[in-house]
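Heads up: the structure comes next, in structure tokens.
No value in this document is a laboratory result; all are computed from the given coordinates. Owing to the predicted nature of the structure, the values given are computational and were not obtained by experimental measurement. Using ideal geometry, Cβ is built from the backbone for each residue, glycine included, and neighbour counts are taken over all protein chains shown.
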Amino acid sequence: MASIKKLVELDYPNNLVTEPVLSKMIKQYDVTVNVRRASITKGFGYVQMEIAGDEKIVKEALADLTRQGIDVNPIEKDVVE
């Protein structure tokens, strides 16, 4: 399977803001994450990041985040060059 890189924004609900969601995803799926921008407040959080790895695994990792209640949206333009 081919290796890919995707730029995505994750919008966290307040019940997941303090959870180590990305850390668990990296360990479980063996993907590489490069956080480009993030903001966490008491009730909401977002992360703009690049995720890289095997195409099938990246898709599974992002689907898992969605199942947990995180909105996953593609970023069409680069956040920080």
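Secondary-structure-derived ellipticity at 222 nm for the chain, considering helices only, amounts to -8000 deg cm²/dmol, per-run term -39500 (n - 2.57) for DSSP H runs with n ≥ 4. Summing +1 for each Lys or Arg and -1 for each Asp or Glu among the other residues whose beta-carbon sits under 14 angstrom from that of Lys56 gives -3. Kirkwood's formula applied to the C-alpha pairs of segment 3-74 gives a hydrodynamic radius of 12.1 angstrom. In the Gaussian network model of the chain, springs joining C-alpha atoms below 10 Å, which of Ala52, Ala38, Ala61 carries the largest mean-square fluctuation? It is Ala38. Gain on full extension, evaluated as 0.36 nm per residue between Ser3 and Gln68 minus their Cα-Cα distance, stands at 20.9 nm.
Of all lysines in the structure, the ones whose alpha carbon falls short of 23 Å from that of Lys24, not counting any fewer than 8 places away in one chain, are Lys5, Lys6, Lys42, Lys56, Lys59. Straight-line cross-link reach from Lys77 at under 15 Å between alpha-carbon atoms covers these aspartates and glutamates, not counting any fewer than eight positions away in the same chain: Glu9, Glu50. Rounded to the nearest 0.05, the FRET efficiency derived from the C-beta distance between Asp54 and Val17 at R0 = 41 Å is 0.90.
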